[in-house]
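*Asks:* My questions all concern the structure below.
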Amino acid sequence: MQRSQDVGGFMRRYYFIGAMLLLIGGSMATAIAAEEQAPSVGHFLDPGILAFPAASPRGMVGSSFGKGSPVLHDLMVSPDGWVDRYEDYRVASSVLTDGRGEVQGSLVVVNRDNGEFLAMLEAPHRSGLIAGDRHGLQRMRDAADDDGGNGFKDPDGIENPRPPKPTDRAGKADVDSKGFIMIDVFAGFSEAAVKKVGDAKAYALAQVASVNRALQNSKVQKVRLRLVGVRTIKQDFIISAENLDKSYDLFEQDMFDKGADLFAGFFDTTAEDGTEGMAWTGGRASMQTVKFKHVFKHEIGHIVGGHHCAEGDASYRHGYDNGKSLTILCSHTQGYQTQSKRVNYYSNPAVKDMHGVALGKPGVANMARLWRERAEAMSAEAEAVVPLN
Ligand SMILES: [Zn+2]
């Protein structure tokens with residue numbers, strides 16, 4: 001019930017903005033759209049685009065669904081057969097490749113049995129969230145220009161204030177029947193954040209899937225995140241160390257009940273209020289604004305124990321800027337200048353970007369190695385409650 005009311009509220013707002021745009025027109029409309037971050041309306045994506053079995057030839061997927069998905073331009077999807085399920089949601093993701101087979105971006109699609117969907121597109125020509133309702137109406141919210149890290153005012157990976165005691169740990173990782181180490185995530189939302197994203201569960205699933213896609217892209221094998229619960233609270237939080245502590249407390253019981261290893265808080269705060277996100281380095285908690293879509297996978301990089309690319313502490317636990325591409329942890333406190341484009345990869349010297357340049361450097365930037373080393377301990381933070389298979 002709560003959910004349909006939320007959607008109704010969103011739709012009323014959207015119709016209102018649409019009517020305003022029709023009335024005003026031209027440059028004034030553009031200004032309002034930017035200020036309100038109003039989604040544009042149209043047909044962007046065929047939500048069935050990733051519903052193909054893995055065996056389908058890539059060209060066939062590209063030709064039959066490409067026409068129904070103008071937002072992809074000429075990029076093609078290569079579904080790998082992975083479908084995560086959560087209640088009545090199905091989640092699939094794909095890299096996006098060009099005609100030469102080079103990876104240009106990624107796409108996550110969360111389909112719901114009632115026909116609604118939420119997609120997260122990350123591509124050189126366009127990035128953002130696309131939502132479709134059960135009647136086929138689609139709206140797209142483009143990612144803001146500073147999406148992805150340049151809005152971090154202060155170091156956002158802070159010291160873990162709650163280092164684990166030996167008794168806190170379940171002692172062993174949760175591993176599914178396919179041998180995947182499973183890291184369980186509980187997502188907490190404020191009501192204000194839900195107003196922005198529409199469907200909190202779909203949004204959390206897309207965020208988790210985007211991390212899983214990055215892990216696959218970065219050749220981190222046999223490690224996956226899994227959403228195990230979502231709850232919305234009235235209170236909204238500005239991103240700060242103090243509020244990360246407070247919000248963690250509010251969801252600690254949920255985490256216990258669902259066997260969650262990690263807490264991810266999603267709030268409707270702007271970078272001007274504080275910063276985009278924050279996480280306990282090597283800990284269990286992150287909080288992030290829903291204003292930008294990249295923040296969670298960056299913050300979880302801090303939870304793994306990683307640092308930004310510009311910080312040199314003589315370890316391999318860093319993001320990487322190879323002069324063409326920026327990996328996920330390569331976001332910066334203010335002042336870092338680069339022309340490189342953000343890609344959905346954690347640093348790994350053994351993986352190359354679309355330009356053929358390595359996305360990491362041994363001894364300097366190898367987040368893939370850190371993920372592999374830390375995955376078992378992260379999974380062992382709490383014993384799984386939701387069945388693994
Ligand atoms: Zn950071």
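*Asks:* Starting from the coordinates of the alpha-carbon atoms of the range 190-235, obtain the Kirkwood hydrodynamic radius over all distinct pairs and give the value in Å to one decimal.
*Replies:* So the Kirkwood estimate lands at 11.8 Å.
*Asks:* Roughly what % of Cα-Cα distances in the range 167-264 sit above 16 Å, to the whole percent?
*Replies:* 62 percent
*Asks:* Additional query: Counting only other residues whose beta carbon sits under 14 Å from that of Asp353, what net charge do I get with K and R as +1, D and E as -1?
*Replies:* Charge balance in the 14 Å sphere: +3.
*Asks:* How large a share of the accessible area of the range 324-389, in percent, is made up of carbon and sulfur atoms when the probe is 1.4 Å and the other protein chains stay in place?
*Replies:* 50 percent
*Asks:* Give the dimensionless ratio obtained when the Cα radius of gyration of the range 157-379 is divided by 2.2 N^0.38 Å.
*Replies:* Against the compact-globule rule of thumb, the ratio is 0.97.
*Asks:* Once the other residues with Cβ under 11 Å from the Cβ of Arg226 are scored (Lys, Arg +1; Asp, Glu -1), what is the net sum?
*Replies:* -2
The values are calculated or read from the model by the stated rules, or taken from the named source; none is laboratory data. This structure is a prediction, so every number in the text was calculated from the model and none was measured. Quick reminder, even Gly has a Cβ in these numbers, built from the backbone with ideal geometry, and neighbours come from all protein chains shown. Quick note on the areas: whole protein, heavy atoms, side chains included, nothing else; ligands and nucleic acids left out. Shrake-Rupley method; radii C 1.70, N 1.55, O 1.52, S 1.80 Å.
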